[in-house]
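The values are calculated or read from the model by the stated rules, or taken from the named source; none is laboratory data. Everything numeric here is computed off the predicted structure, so don't read it as measured data. Please note: Cβ atoms are built from the backbone with ideal geometry, for glycine as well, and neighbour counts cover all protein chains shown. Calculation scope for accessible area: heavy atoms of the full protein, side chains included, ligands and nucleic acids excluded. Shrake-Rupley method; radii C 1.70, N 1.55, O 1.52, S 1.80 Å.
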Amino acid sequence: KVSNYYAVDPFHEGGTIPDGFDIVDIYRTVQRKMLGHDPAAVWVMQQWQWGIDETKLSGLADKGQALVLDLQSDLRSQASPMENQGVPWVWNMLHNFGGRMGLHGHMDNIVSGVVDAANNSEMLTGIGITPEGSQNNPVLYDLLFETVWCDDATKTLTEIDTDQWLKDYVTRRYGAKSESAYEAMKILENTVYKASLNMRGQGAPESYINARPAESIGAASTWGNAVIGYDMEELEKAAELLLEDYDTLKKERRLSL
């Protein structure tokens with residue numbers, strides 16, 4: 001009696017269908033039971049590792065009462081089954097796996113991906129976040145939720161100008177204009193937040209210190225990576241730029257609070 005949204009994910013991340021069962025019938029039966037319990041029920045399911053395909057969605061008793069969360073649209077969209085089967089879906093930024101700390105993200109994918117989906121997808125119903133941890137890399141979250149803001153929702157959505165957006169963001173974040181802080185954010189945009197330089201594994205590069213002892217170590221986890229895809233000297237430069245106006249911005253920030 002709290003919500004009409006129900007989360008069920010049969011065979012999530014694999015699994016073997018028992019003999020005598022058909023995946024189309026399984027999906028149809030699950031939703032029929034759900035609707036029998038609550039006629040207003042919306043079945044919420046996760047699109048992850050191509051787990052939701054057209055065959056499964058074809059079995060839905062009522063496609064309009066289903067909602068697929070495309071969990072990691074910021075890396076690559078997996079929405080084609082929903083579009084082809086006429087099932088509503090949500091564009092999501094996953095970003096953080098397991099509460100890991102680290103500078104990491106796909107800023108350019110967020111800017112272009114949300115706009116592309118909004119303008120070209122028939123079944124897109126919104127945007128969201130699906131992180132396993134938060135309270136880090138705040139610029140990405142601010143940016144994501146501003147991608148859909150516009151003066152006239154009937155017009156074609158346009159991409160955010162990140163140059164101007166980052167200037168405004170720096171002023172909001174630090175309480176005053178700072179050219180050096182803006183230059184630092186531009187460096188971050190093209191290093192730690194550049195999609196093409198951060199497409200390995202899941203989340204930020206891992207530290208070897210967190211790995212179990214072994215003769216050969218590639219990362220701390222089997223699904224992660226410890227590869228720095230950008231010029232680390234650029235990151236050092238960004239840190240130096242942020243410190244240039246430290247005293248001034250510290251005072252401005254305290255006053256604004």
**residue 58/residue 125 FRET efficiency (R0 22 Å; Cβ-Cβ; nearest 0.05)** = 0.65
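Classify region 149-244: rounded, prolate or oblate, from the alpha-carbon gyration tensor (a ≥ b ≥ c, eigenvalue square roots; a/c under 1.5 rounded; otherwise prolate if a/b is larger than b/c)?
oblate
Leaving out ligands, DNA and RNA, what percent of the accessible area of region 99-211 is carbon and sulfur, probe 1.4 Å?
49 percent
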**Item:** Label of the coordinate-derived value, Rg/Rh (Cα atoms, Kirkwood Rh), listed as [x] 1.10; [y] 1.06; [z] 1.04
**Value:** [z]
**Complete:** The ³J(HN,Hα) series, computed from each phi in region 94-100 with the Karplus coefficients 6.51, -1.76 and 1.60 at θ = phi - 60°, rounded to the nearest Hz and given as x for glycine or proline, is 7, 6, 10, 10, x, x, 5
**Request:** Would you mind telling me which residue in 78, 31, 135 has the biggest mean-square fluctuation in a Gaussian network model of the chain, where springs connect alpha carbons within a distance under 10 angstrom?
**Result:** 135
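Sort region 1-114 into rounded, prolate or oblate with this rule: let a ≥ b ≥ c be the square roots of the eigenvalues of the Cα gyration tensor; rounded if a/c is under 1.5, and if a/c is not under 1.5, prolate when a/b is larger than b/c, oblate otherwise.
Details: a/c = 1.91, a/b = 1.71, b/c = 1.12.
The shape class here is prolate.
Provide the net charge surrounding residue 92, with neighbours chosen by a C-beta distance below 14 Å and charges set as Lys +1, Arg +1, Asp -1, Glu -1.
Numbers: positive: 76; negative: 70, 74, 132.
Counting the neighbours of residue 92, the net charge comes to -2.
Report the rotationally averaged projected area of region 1-55 based on its alpha-carbon convex hull, in square nanometres.
Values: hull surface 17.4 nm².
Over every viewing direction, the Cα hull of region 1-55 projects on average to 4.4 nm².
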**Item:** Loop-located GluC sites (Glu not before Pro) in region 1-84 whose Cβ has at most 16 other Cβ within 10 Å (DSSP)
**Value:** 13
**Request:** Please calculate how many Å² of accessible area the chain carries per residue, with a 1.4 Å probe and no DNA, RNA or ligand atoms counted.
**Result:** 57 Å²
